[in-house]
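What follows is a single structure, written as structure tokens, with notes after it.
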Amino acid sequence: VAAAYPAISHTFIQREVRALRALGTTVDVFSIHRARNTELLSAADREEAASTSSILPVPLSDLLRAHGRAFLRFPRAYLATLRYAISQAPRGARARLWQVFYFGEAMVLWDRCRARNLRHLHAHMANVATDVAWLAARFGARTDKRRPWHWSFTMHGCHEFWEVDRFNLRRKVAAADLVICISDFTRAQLMAHSEPQHWSKLHVVHCGVELDRYRPRPSGSPTGAPAQILAVGRLSEEKGHLLLLAAVAELRRRGLSARLCLVGDGPLRGELEREARRLGIEDIVTFTGAVGQDEMPEMFGGADIFCQTSFAEGIPVVLMEAMAAGLPVVSTLVGGIPELVVHERAGLLVPAGRADLMADALARLVASGDLRVRMGREGRAIVEQQFEVTACAERVADRFALVGTP
């Protein structure tokens, strides 16, 4: 269950789903909101969209049938689950009202799962998908005593940790049968916001990448050519792209030859383009807009260095992709990034918010092709050993088995 699947930012969910299916696991995907056509940038996106069951928008006839079946067959469980939904709401009248909406969507999800004989619901992100899966499984458990229902979710972060109460993290951890955390950092944050008796539910399983899709290129840029710096991500405040532009401007001031390619779109694009002009680097900065997954191997293949300047992260899958493609990375010491990028081996890590130190790190890699090659090889080896998608999917399946998934 996801909030809007498939989406540009949900590639890691898509990979996990496909890897689980390749292992022989039956996976039905439900999306609370229908994915927009503008989000379907690759063939895989379109295939997943065609096979995904969307809850919203729901035809009135479907909504009435689902609630009618639930109430007429199990009136006590229906009313008890509605009361439970309201009782578990975060503080405030608005939050209680939204719980009623989630309950309405949960009955539609329950009805579709019942028809397909599905009894384990797993949500990605601690957002609306988790709320709806939670209530659907709660109702299912009340109405089917012979065959248990379970529910779980994957905790990514880090937005949810900024608004712990709004995302209702403490109650979600308490209610879930299993919580998969994408990093030790994420698990530790959830431990800080949950009771110790629930810590045993928290299991670390990394997201993974398809190694065959990202192959290191045999050699770097031609001698004397500018070093190609690549950054991929949503152009939003928490990604720190303004600092990246400042670091690239500093490289130019030092007389180092480099170009920057920013892949992605978002609310800050106009501001970033204006800042590039203000810094006098618009001639060496390219904004591509959003790019589909089919095109990403080519983007990595044309780069020499990957850079991410985020203020907060879980473990960014795009860093795994860059390392799988044999690129040295420069990133920030936040969240779970140090669990992936070993400093001075696979890349260079600097404190977040320090454009000067980011420029120093980039300068080292721009100036040394040998260092780029060595770190690129180390990064590829780390991803091969710890972040290969099939191995990660096997660990997810193993965790599902712990809570009795058929």
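Within 30 Å of Glu313 (Cα to Cα), at pLDDT 95 or above and in contact with a Leu (Cβ under 6 Å, 6 or more places away or on another chain): is that true of Val128 in this structure? If you could, list the steps in order and put the result at the bottom.
Values: within 30 Å of Glu313 (Cα to Cα): yes; at pLDDT 95 or above: yes; in contact with a Leu (Cβ under 6 Å, 6 or more places away or on another chain): no.
No, not satisfied.
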Name the helices (runs of 4 or more DSSP H) wholly inside the range 1-112 in which the number of residues that are closer than 23 Å to Ala141 by Cβ and open to solvent by 70 Å² or more (accessible area, probe 1.4 Å) is 3 or more. 60-73, 75-87
Out of the residues in the range 327-342 that are crowded, with 24+ Cβ neighbours inside 10 Å and more than 17 Å from the chain's Cα centre (by Cα), which is farthest from Arg354 (Cα to Cα)? Leu327
Within the bounds of the range 279-293, is there any residue that is without any contact (Cβ under 8 Å) to a residue 12 or more places away in the chain and either at negative phi or not aliphatic (A, V, I, L, M) (or both)? yes
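Is it fair to say Gly335 is of a type outside the set (Val, Ile, Thr), touching a Pro at 6+ places or on another chain (Cβ under 6 Å) and assigned to a loop (DSSP other than H, G, I, E, B)? Quick ask: steps written out before the conclusion?
On the way: of a type outside the set (Val, Ile, Thr): yes; touching a Pro at 6+ places or on another chain (Cβ under 6 Å): no; assigned to a loop (DSSP other than H, G, I, E, B): yes.
No, not satisfied.
Can we say Asp212 is within 30 Å of Arg399 (Cα to Cα), open to solvent by 30 Å² or more (accessible area, probe 1.4 Å), charged (D, E, K, R) and part of a helix (DSSP H, G or I)? Let's see the steps before the verdict.
Details: within 30 Å of Arg399 (Cα to Cα): yes; open to solvent by 30 Å² or more (accessible area, probe 1.4 Å): yes; charged (D, E, K, R): yes; part of a helix (DSSP H, G or I): yes.
When the stated conditions are applied, Asp212 passes them.
I need the full set of residues from the range 164-205 which are assigned to a loop (DSSP other than H, G, I, E, B), among the acidic types (Asp, Glu) and either touching a strand residue (DSSP E or B) at 6+ places or on another chain (Cβ under 8 Å) or crowded, with 20+ Cβ neighbours inside 10 Å (or both), in order please.
At the first step, the residues of the range 164-205 found to be assigned to a loop (DSSP other than H, G, I, E, B) are 164-168, 176-177, 182-183, 193-195, 205.
When the remaining residues are screened for being among the acidic types (Asp, Glu), the result is 165, 177, 195.
Residue satisfying the conditions is Asp177 alone.
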Long-range neighbours under 6 Å by Cβ, at least six apart or interchain, first residue in contact (Cβ under 8 Å) with a residue 60 or more places away in the chain within the range 50-79, second charged (D, E, K, R) and open to solvent by less than 30 Å² (accessible area, probe 1.4 Å): Ile55/Glu105
Which members of the range 351-377 meet the condition of being open to solvent by 20 Å² or more (accessible area, probe 1.4 Å), part of a helix (DSSP H, G or I), out of contact with any helix residue (DSSP H, G or I) (no Cβ under 8 Å at 6 or more places or on another chain) and closer than 22 Å to Lys239 by Cβ? Leu357, Asp360
Give the residues of the range 289-299 that are within 21 Å of Gly326 (Cβ to Cβ) and touching a strand residue (DSSP E or B) at 6+ places or on another chain (Cβ under 7 Å), sorted by residue number. Val291, Met299
State the number of residues belonging to the range 125-137 that are open to solvent by 10 Å² or more (accessible area, probe 1.4 Å) and in contact with a helix residue (DSSP H, G or I) (Cβ under 6 Å, 6 or more places away or on another chain). 1
Between residues in the range 120-146 that are among the acidic types (Asp, Glu) and residues that are open to solvent by 30 Å² or more (accessible area, probe 1.4 Å), which pairs lie under 7 Å by C-beta distance while being six or more apart or on different chains? Asp131/Tyr102
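Quick test for you: out of Leu235, Leu244, Leu256, pick the one residue that is assigned to a loop (DSSP other than H, G, I, E, B), open to solvent by less than 30 Å² (accessible area, probe 1.4 Å) and either at pLDDT 95 or above or of a type in the set (Ser, Thr, Tyr) (or both).
Working: Leu244 fails: assigned to a loop (DSSP other than H, G, I, E, B); Leu256 fails: open to solvent by less than 30 Å² (accessible area, probe 1.4 Å).
Selected residue: Leu235, the only one of Leu235, Leu244, Leu256 that is assigned to a loop (DSSP other than H, G, I, E, B), open to solvent by less than 30 Å² (accessible area, probe 1.4 Å) and either at pLDDT 95 or above or of a type in the set (Ser, Thr, Tyr) (or both).
May I ask you to say which residue of Asp265, Asp304 is closer than 17 Å to Leu230 by Cβ, touching a Gly at 6+ places or on another chain (Cβ under 6 Å) and surrounded by fewer than 20 Cβ atoms within 10 Å (Cβ to Cβ)?
Numbers: Asp304 fails: surrounded by fewer than 20 Cβ atoms within 10 Å (Cβ to Cβ).
Going through Asp265, Asp304 in turn, the sole match is Asp265.
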If a residue must be among the charged types (D, E, K, R) and at pLDDT below 95, how many such residues does the range 150-209 contain? 4
Only one of (1) open to solvent by 10 Å² or more (accessible area, probe 1.4 Å); (2) within 29 Å of Met155 (Cα to Cα) does not apply to Ala324, and that is (1)
Within the range 270-290, identify whether any single residue is in contact with a Ser or Thr (Cβ under 8 Å, 6 or more places away or on another chain) and not small (Gly, Ala, Ser), and answer yes or no. no
Total residues in the range 138-156, condition open to solvent by 10 Å² or more (accessible area, probe 1.4 Å), farther than 15 Å from Leu178 by Cα and not basic (Lys, Arg): 3
Could you give every pair whose Cβ atoms fall below 7 Å, whose first residue belongs to the range 19-41 and is within 15 Å of Arg395 (Cα to Cα), and whose second residue is acidic (Asp, Glu), counting only separations of at least 6 or pairs across chains? Leu23/Glu394
Out of (1) within 23 Å of Glu210 (Cα to Cα); (2) part of a loop (DSSP other than H, G, I, E, B), what's the single condition that is false for Thr309? (1)
Given (1) farther than 17 Å from Met323 by Cα; (2) open to solvent by 10 Å² or more (accessible area, probe 1.4 Å), identify the lone condition not met by Val396. (2)
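The values are calculated or read from the model by the stated rules, or taken from the named source; none is laboratory data. All figures in this text were calculated on a predicted structure; none of them were measured in a lab. A quick note on method: Cβ atoms are made from the backbone with ideal geometry, for glycine too, and the neighbour counts reach across all protein chains shown. Heads up: the accessible areas ignore ligands, DNA and RNA and are worked out on the full protein's heavy atoms, side chains in. Shrake-Rupley method; radii C 1.70, N 1.55, O 1.52, S 1.80 Å.
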